[in-house]
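Right, one structure below, let's go through it.
The values are calculated or read from the model by the stated rules, or taken from the named source; none is laboratory data. Keep in mind it's a predicted model, so treat the numbers as computed, not measured. Here the Cβ positions follow ideal geometry from the backbone for every residue, glycine too, while neighbour counts run over all protein chains shown. These area figures cover heavy atoms from the full protein model, side chains too; ligands, DNA and RNA do not enter into them. Shrake-Rupley method; radii C 1.70, N 1.55, O 1.52, S 1.80 Å.
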Amino acid sequence: MYMDYSRYGESGVRLLFGNTIDLETSKEIRKFYLYLKSLQRNDIIDIIPSFRSCLIHFNNRRTSYDDFISFLMDKAGEIALTKVPEPRSHEVPVQYGGEYGPDMEFVCSYSGLNEEEVIEIHTSTVYTVFAVGFIPGFPYMGTLDKRIYAPRLETPRLKVPEGSVGLAQLQTGIYSFESPAGWRIIGKTSMQLFNPMEEPYSLLRMGDLVRFVPV
């Protein structure tokens, strides 16, 4: 099922599922992640899924790297047969351009499109959440239409407001907190993406489907 594995530090295993970011790879990672989570093993400290890989932090007082790899190999058949739940769908309201989208003008200039066309393209795609990271609740979503491909800022901003919707290459994302940012900001949503007071904390999870709606 997975293509390759390697040691990651003293107590980590990194599994690579493919060489491209696509829906099939994302599905396999989600299946693997959900299966391992369901076992609730006391030798697994954390499982961190990403675009093409999954990092497992194991307790090296309870298991060893070699033993853990043997366990994963033994369970490969069960993992392959794991059923994953249907993805949840979300509609995210966005105010585009103006004060909410300081990089909209750049995206228009770079793509050769006008603002209405950029909005139409951005809202016409149903995006898959490939991963959640670099701050709690931040969804990395794709795949962005190549017509509105946008490079990252050469110098990241020090502060981007919570709810900002950005583009970076063939991805789109939403800033769940005010933070530094290098993505091109084209709009803003009022939707809360992370609530530390209520589980499961993050509104969007790996595998979810998202459609942006202009307001």
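Report whether or not E105 is among the acidic types (D, E), at pLDDT below 95 and open to solvent by 70 Å² or more (accessible area, probe 1.4 Å).
Details: among the acidic types (D, E): yes; at pLDDT below 95: no; open to solvent by 70 Å² or more (accessible area, probe 1.4 Å): yes.
It is false that E105 is among the acidic types (D, E), at pLDDT below 95 and open to solvent by 70 Å² or more (accessible area, probe 1.4 Å).
Within the range 48-98, which residues are among the hydroxyl-bearing types (S, T, Y) and either open to solvent by less than 70 Å² (accessible area, probe 1.4 Å) or over 23 Å from the mean Cα position of the chain (by Cα) (or both)?
If we filter the range 48-98 for residues that are among the hydroxyl-bearing types (S, T, Y), which is where we start, we get 50, 53, 63-65, 70, 82, 89, 96.
The answer is S50, S53, T63, S64, Y65, S70, T82, Y96.
Mind listing whichever residues of the range 204-215 are surrounded by fewer than 20 Cβ atoms within 10 Å (Cβ to Cβ) and either under 20 Å from V84 (Cβ atoms) or not aliphatic (A, V, I, L, M) (or both)?
Pass one, the range 204-215, residues surrounded by fewer than 20 Cβ atoms within 10 Å (Cβ to Cβ): 205, 208-209, 211, 213-215.
Residues satisfying the conditions are R205, D208, L209, R211, P214.
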> Would you pick out the residues in the range 116-132 that are surrounded by fewer than 16 Cβ atoms within 10 Å (Cβ to Cβ) and part of a loop (DSSP other than H, G, I, E, B)?
Replying inline: S124, V126
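Return the only residue of V118, V215, V132, V126 being touching a Cys at 6+ places or on another chain (Cβ under 7 Å) and in contact (Cβ under 8 Å) with a residue 24 or more places away in the chain. Spell out the reasoning first.
On the way: V215 fails: touching a Cys at 6+ places or on another chain (Cβ under 7 Å); V132 fails: touching a Cys at 6+ places or on another chain (Cβ under 7 Å); V126 fails: touching a Cys at 6+ places or on another chain (Cβ under 7 Å).
Step by step, each of V118, V215, V132, V126 is checked, and only V118 is touching a Cys at 6+ places or on another chain (Cβ under 7 Å) and in contact (Cβ under 8 Å) with a residue 24 or more places away in the chain.
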> Is it the case that the range 133-151 has a residue that's at pLDDT below 95, open to solvent by 10 Å² or more (accessible area, probe 1.4 Å), in a strand (DSSP E or B) and under 26 Å from E86 (Cα atoms)?
Replying inline: yes
> Name the residues in the range 152-185 that are open to solvent by 70 Å² or more (accessible area, probe 1.4 Å) and closer than 22 Å to L113 by Cα, would you?
Replying inline: R152, E154, Q169
>> Checking G137 against (1) free of Cβ contacts under 8 Å to residues at least 24 places away in the same chain; (2) of a type in the set (G, A, S); (3) out of contact with any Asp or Glu (no Cβ under 9 Å at 6 or more places or on another chain), only one condition comes out false. Which one?
In response: (1)
> Of all residues in the range 62-115, which are of a type outside the set (A, V, I, L, M), part of a helix (DSSP H, G or I) and in contact (Cβ under 8 Å) with a residue 40 or more places away in the chain?
Replying inline: Y65, F68, E78, Y100, F106, Y110
